[in-house]
Amino acid sequence: MNRRLFWKIFLPFWVAQALLLGLLYMRLHTRLHTENPWWVQPERRLIPNFADLAVERYEQGGQPALRALLDQSSMTRRVNYWLLDSAGRELSGRSLPAEIPDFAQRALHREGVARPDDSVILVAPVTTQRDSYLLVGEFIPPPLSERVPGDMIWVLKLGTIISALMCLVIAHYLSKPIERLRNATNEMARGNLDIRVGNTIGNRRDEIADLVRDFDSMAGELRNQIVSERNLLSGVSHELRSPIARMRLALALARGSDAHERAEMLDRIEQDTIQLDSMLDRILTVARLESGQYKPKFESLPLNDVVDEVLDDARFEAAATDATVNYTDDAIVSVNGDPGLLRSAIENVVRNAIFYSGEGGIVDVRLRVADGQAVLTVCDNGKGVPEEALPLLFKPFYRVDDSRGTTTGGMGLGLAIVRNAMAAHGGTVTARNVSPHGLEVELRLPVSGASTPTRPAAQLAASAQGKR
């Protein structure tokens, strides 16, 4: 599996940590070598005494005695000594590097001089009756393990290991959810619309967790859209099949019938054609609303008048089942909306309530203002719906009883039009069961301009007389 993001996160972090530890090591190395190195402090205190001893040996025993002393005191790759006279000649016969006299002269004016190879030059002048001498000592630094405490070396090593582990954990922590997100997108591309990633990230509360949750939300919405489209296609094909089949049957019967029967068949075909036209109009309305292609034509209008018009027509339909429609408006409400779309939404809710309230049923309609919104409630005294069906009522082609057809309960598009119409107006629609039985549908719309909370008493009385 390609782990490019993992390495892009891990390597920069770890390299930065390694560089930091490397710089710390170099700083420590430089300080120990060039900034008043502590490891030559004992030699700095003892070299004047050793210089007196070397001059004494030379003046008493000559070059052999001096050579024996210096050879005995020098240590291979650690310490070298030379004794120079006033003319700069080396008196012990030991090999003298060409640059040592120059460093020795500079060391006279300070407490030691560091050479480029990190060794330190210390000098001690001695003057006697015979001559002036200069003892030169070259001190080569010991290994770092001898100059630096052992625990500090282990700290540097352990720091390198711990930084690598920490960078490994951070890189894994940051890249793993993105890798899972990538795998999920591939699964979704292959058609798995139920794939989710949020349950794999635990309780993370960072931007990557927000991205994962947004992906899950998007996946859920995408699944709902695709399922809705599939249901729409399935519902359309199912609902169109019945009227078309009846029309074909009527045509077949009309061909072998007399004039009177043929007229009846043609009437039947006309009714199915009207029903088919109405059905297609509703299907197109839902499809255009859900896809956002429908552009409402907003205007300021009194919602009371729209409700009055809908209820005037609804009472004719209610009379067929001896149902009663009661209406109370507690305020004169103005909204900014599309008159045709609002009328269609309210009409669908009211007609639904009349149908399900049954023979002799009662439908209560109330318009009021609450929390700056126009609230229209339509309540029937029917059987209600199962609680688990309430969230599904406003989905296209959903019917509580799938056995109902277009002649017994519609095709499940009316409340879908209501939901989309409310959404287009910035409003909401909800449904709940009421006690002892029945269903209440609540429509909420933003109020435009000022609304009159209470009607005048005379107007309320006239309204009550005309709305029963």
Exercise for review: Name the one entry in Gly198, Gly191, Gly220 that is open to solvent by less than 40 Å² (accessible area, probe 1.4 Å), within 30 Å of Leu393 (Cα to Cα) and out of contact with any helix residue (DSSP H, G or I) (no Cβ under 8 Å at 6 or more places or on another chain).
Suggested key: Gly220
Practice item. Write out, first by first residue and then by second, each pair whose Cβ atoms fall under 7 Å of each other, whose residues are 6+ apart or on separate chains, and whose first residue, in region 340-352, is among the hydroxyl-bearing types (Ser, Thr, Tyr) while the second is surrounded by fewer than 23 Cβ atoms within 10 Å (Cβ to Cβ). Key: Ser344/Ile417
Point to revise | Breaking point among (1) open to solvent by less than 80 Å² (accessible area, probe 1.4 Å); (2) modelled with pLDDT of 90 or more, for Gln63 | key: (1)
Practice item. Among residues belonging to region 326-366 that are more than 23 Å from Ala416 (Cβ to Cβ) and of a type in the set (A, V, I, L, M, F, W, C), point out the one that is nearest to the chain's Cα centre (by Cα). Key: Val333
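With the requirement that a residue be among the basic types (Lys, Arg) and surrounded by 13 or more Cβ atoms within 10 Å (Cβ to Cβ), what does region 41-60 give you? Working first, answer last.
So the first thing to find is which residues in region 41-60 are among the basic types (Lys, Arg), and the list is 44-45, 57.
Within region 41-60, Arg44, Arg57 qualify.
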Check your understanding: Do we have Ser119 as of a type in the set (S, T, N, Q), at pLDDT below 85 and open to solvent by less than 60 Å² (accessible area, probe 1.4 Å) here?
Key -> yes
Point to revise | All positions within region 363-393 that are part of a strand (DSSP E or B) and basic (Lys, Arg) | key: Arg366, Arg368
**Study point:** Scope region 269-287; condition under 14 Å from Met247 (Cα atoms) and either without any contact (Cβ under 8 Å) to a residue 40 or more places away in the chain or buried (at least 18 other Cβ atoms within 10 Å of the Cβ) (or both); matching residues
**Key:** Ile269, Glu270, Gln271, Asp272, Thr273, Ile274, Leu276, Asp277
**Study point:** Answer from Gln275, Gln271 - the residue that is within 26 Å of Leu413 (Cα to Cα), part of a helix (DSSP H, G or I), at pLDDT 75 or above and of a type in the set (S, T, N, Q)
**Key:** Gln271
Practice item. Pull up region 223-268, narrow it to residues that are modelled with pLDDT under 80 and among the acidic types (Asp, Glu), then point me to the one that is surrounded by the fewest Cβ atoms within 10 Å (Cβ to Cβ). Key: Glu229
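Only one of Asp206, Asp210 is of a type in the set (D, E, K, R), at pLDDT below 80 and surrounded by 11 or more Cβ atoms within 10 Å (Cβ to Cβ); which? It would help to see each step written out before you state the result.
Numbers: Asp210 fails: at pLDDT below 80.
Just a single option satisfies the conditions, and that option is Asp206.
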Check your understanding: Can you find a residue in region 322-338 that is in a helix (DSSP H, G or I) and open to solvent by 10 Å² or more (accessible area, probe 1.4 Å)?
Key -> no
Exercise for review: State all residues of region 70-99 that are open to solvent by 20 Å² or more (accessible area, probe 1.4 Å), assigned to a strand (DSSP E or B) and in contact with a Phe, Trp or Tyr (Cβ under 9 Å, 6 or more places away or on another chain); if no residue qualifies, say none.
Suggested key: Asn80, Tyr81, Glu90
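The values are calculated or read from the model by the stated rules, or taken from the named source; none is laboratory data. Quick caveat: nothing in here was measured; it's all calculated off a predicted structure. Here the Cβ is made from the backbone with ideal geometry for all residues, glycine too, and neighbour counts use every protein chain on show. Ligands, DNA and RNA are excluded from the accessible area calculation, which covers all protein heavy atoms including side chains. Shrake-Rupley method; radii C 1.70, N 1.55, O 1.52, S 1.80 Å.
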